[in-house]
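Some notes on the structure that comes next.
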Amino acid sequence: MTKTAKRSLILSIPFVLLILSAGWLWSPFGRDQLSALVGDWVMTETGRELTIGGGVSVRVWPGIGVAVREAVLGNPPGFGDGPFAEMDLVDLRIRARSLLRGQIEVIAVRIDGVRVYLERDEAGYGNWDDLLELGWGGSSHAPGVGVARPHTGWLGFAGIPPVRAGAGDDPYLAVYEGLIDWRDRASGGAGQVTEVSLTLAAPPAPGARVGWRLQQALIESPPTPWRRLTGQGTLTFDAFGSWTGPDPWHLRLDPPTTAEGVALELDATVTAQRALGLYRFDDLVGTVRDLSDPAGAMPLIGRLDGHIEIEWPPMMPATPLPAADPAISGRFTVADWRLAGLRLAPAELELTGRDGVLQLVPRLDHFYGGRLAGRLAIDVRDGPPKLALRVDGNGLQIGPLIADLAGTGWLAGTGDLSADLTAAGDTAALIRSTLNGEVAFAVRDGALQGIDVIGLIADARARFEGRAVPVPDEPRTLFRELTASGRIQDGLLTNQDLVAHADHLDVTGRGRLDLVAERIDYRLEAVLVDPPAGSRLTELAGIPVPIRVRGSVMDPAWSVDLAPVVREIARRRLDERGGDLLKDLEGRLRLDGLERGLRDLIGR
């Protein structure tokens with residue numbers, strides 16, 4: 001036989017096997033056995049029953065394949081009769097020579113329209129725990145079942161040798177239009193992720209490094225500032241088929257629309273010790289970019305570097321103890337960060353979390369010239385996120401801080417502040433409307449920009465007398481100290497103890513600040529103390545001058561009520577020299593009680 005004939009004979013063997021396999025598949029015996037083989041394979045791998053409602057079909061090109069339609073994977077005992085997973089289509093690509101042995105050896109899986117319902121009972125057991133137990137060992141072959149199991153791989157599912165003959169560039173596992181629904185009976189928590197598209201480049205296998213890609217996952221609940229999750233990376237398995245890493249991962253979270261919100265990107269090296277339940281994200285770099293920039297430049301809002309460790313003790317087989325909730329801890333260095341206009345870097349940040357409560361402990365030693373420290377707790381166990389913030393700042397430069405926060409520097413000075421606040425919500429509007437707690441601040445050696453309180457009083461006096469007073473180009477009120485504290489209820493700040501001391505002026509006040517409507521309504525009383533000589537205000541010394549501040553927080557209107565001031569001046573003048581004059585006038589006009597009547601008229 002010539003070399004050419006031998007080569008042709010060898011090349012024809014796969015086609016002969018393909019024809020034989022196709023004949024076996026299309027025979028009545030093959031079709032009857034196929035559903036049983038698929039059910040046995042699933043039962044062997046998961047210990048769960050698989051119900052096939054839409055039948056099983058086969059193909060011979062391209063490649064031998066089995067399509068299972070309307071498949072339902074059941075729940076373990078104790079979780080009701082509902083499904084654990086529903087699949088519209090499961091397409092299994094099969095190694096042809098395994099069929100000749102009456103077995104199924106899967107080399108690629110495609111799942112369309114899968115819906116997974118994760119549930120945890122009151123004792124803390126999950127309807128997935130038995131699947132995780134499979135990864136703890138056991139025989140590499142289940143006797144009596146015609147399904148090949150070369151080894152027990154990651155999470156206990158059968159791994160396939162990394163030889164993917166005939167698979168081409170197709171991924172080993174592809175999931176499209178997936179849904180993950182989560183319910184926790186113990187805490188009442190719930191969540192849902194939809195439109196999941198996920199691929200694995202190769203099957204999990206001992207010693208293998210498998211690439212994965214999350215094309216999309218939409219976060220429906222619980223409420224978060226982000227909606228769309230994407231990512232990619234690798235999974236590295238040890239000699240026993242368990243995922244260990246280290247693996248590079250990249251994740252990105254996007255808001256519901258690009259017209260608002262920010263995008264969060266995370267890069268890290270991930271390692272795992274499944275037996276101990278430890279997962280580390282080292283060399284973590286997080287960046288936040290503004291997507292609402294009209295120019296589309298996506299400017300950088302923040303960057304942090306650090307690591308996160310997640311401790312999630314695995315469910316040990318044959319033990320009565322439920323799996324524990326994960327514990328998260330981490331430490332970050334924040335190199336650049338802006339939030340609501342504020343510069344929150346450089347900073348150190350500690351992160352801890354357990355039982356659905358995340359704790360953030362920031363420390364900023366150079367926050368606007370001073371120091372800021374506090375604690376933020378975020379509770380996502382039930383409903384909208386619940387926030388609890390405690391913060392203390394010392395030696396802060398209030399002018400630049402307010403300019404960055406509000407866009408205008410109406411207040412300057414060196415200040416201290418404290419706040420103990422709670423809120424609920426995942427948007428700025430919801431947080432403002434549910435904000436409750438107490439705040440206090442003190443500003444030293446400062447200035448109230450844009451308003452001259454003494455000049456305001458002088459202007460009102462001049463207008464009352466028909467005179468004009470020139471207005472300064474840059475009005476401001478210098479003060480030695482300004483203090484205030486207040487209580488916030490549902491976004492409404494009420495203050496009763498505002499006090500300010502300045503040269504020639506003392507101010508007290510009370511009022512309200514509506515954080516939701518961004519409106520202010522304050523009543524102040526300004527008392528002139530030793531007014532400057534020649535200011536025509538000496539007569540007003542010691543008289544409380546009512547000042548009203550109301551309107552938009554960004555541009556409030558200031559007004560002076562001179563009526564009580566005029567009455568007080570009249571009373572003073574009457575006390576000084578009016579008594580004898582009125583008595584003489586009573587005698588001349590013979591009007592008894594004239595003095596008493598005038599005094600009553602002006603409240604004297």
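The values are calculated or read from the model by the stated rules, or taken from the named source; none is laboratory data. Because the structure is a prediction, the values reported are computed rather than measured. Positions of Cβ are generated from backbone atoms using ideal geometry, with glycine treated the same way; all protein chains shown enter the neighbour counts. Accessible surface areas use protein heavy atoms only, side chains included; no ligands, DNA or RNA. Shrake-Rupley method; radii C 1.70, N 1.55, O 1.52, S 1.80 Å.
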| task | For region 433-479, enumerate the residues that are closer than 19 Å to residue 503 by Cβ, of a type in the set (Gly, Ala, Ser) and free of Cβ contacts under 8 Å to residues at least 24 places away in the same chain. | result | 455
| Candidate set: region 225-265, residues that are at pLDDT below 80 and open to solvent by less than 50 Å² (accessible area, probe 1.4 Å); chosen: the one nearest to residue 301 (Cα to Cα) | 262
| note | Residue hits (region 422-438; open to solvent by less than 40 Å² (accessible area, probe 1.4 Å) and modelled with pLDDT of 95 or more) are 437
| Yes/no for residue 484 being in a strand (DSSP E or B) and more than 21 Å from residue 437 (Cα to Cα) | no
| said: Testing residue 319 on (1) surrounded by fewer than 16 Cβ atoms within 10 Å (Cβ to Cβ); (2) at pLDDT 70 or above; (3) of a type in the set (S, T, N, Q), one condition comes back false. Which one is that? | reply: (2)
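Does region 440-455 contain any residue that is on the phi > 0 side of the Ramachandran plot and part of a loop (DSSP other than H, G, I, E, B)?
The answer is yes, given that some residue of region 440-455 is on the phi > 0 side of the Ramachandran plot and part of a loop (DSSP other than H, G, I, E, B).
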| query | Looking at residue 86, is it in contact (Cβ under 8 Å) with a residue 24 or more places away in the chain, closer than 21 Å to residue 127 by Cβ and among the charged types (D, E, K, R)? | reply | yes
| field | residue 442 modelled with pLDDT of 90 or more and out of contact with any helix residue (DSSP H, G or I) (no Cβ under 7 Å at 6 or more places or on another chain) | value | yes
| field | Residue in region 448-491 that is farthest from the chain's Cα centre (by Cα), counting only those that are open to solvent by less than 50 Å² (accessible area, probe 1.4 Å) and farther than 21 Å from residue 559 by Cβ | value | 483
| message | Can you say whether residue 405 is farther than 28 Å from residue 190 by Cα, within 21 Å of the chain's Cα centre (by Cα), of a type in the set (A, V, I, L, M) and surrounded by fewer than 18 Cβ atoms within 10 Å (Cβ to Cβ), as far as the supplied structure shows? | response | yes
| message | Of all residues being hydroxyl-bearing (Ser, Thr, Tyr) and open to solvent by less than 50 Å² (accessible area, probe 1.4 Å) in region 181-223, which is nearest to the chain's Cα centre (by Cα)? Just the residue, please. | response | 221
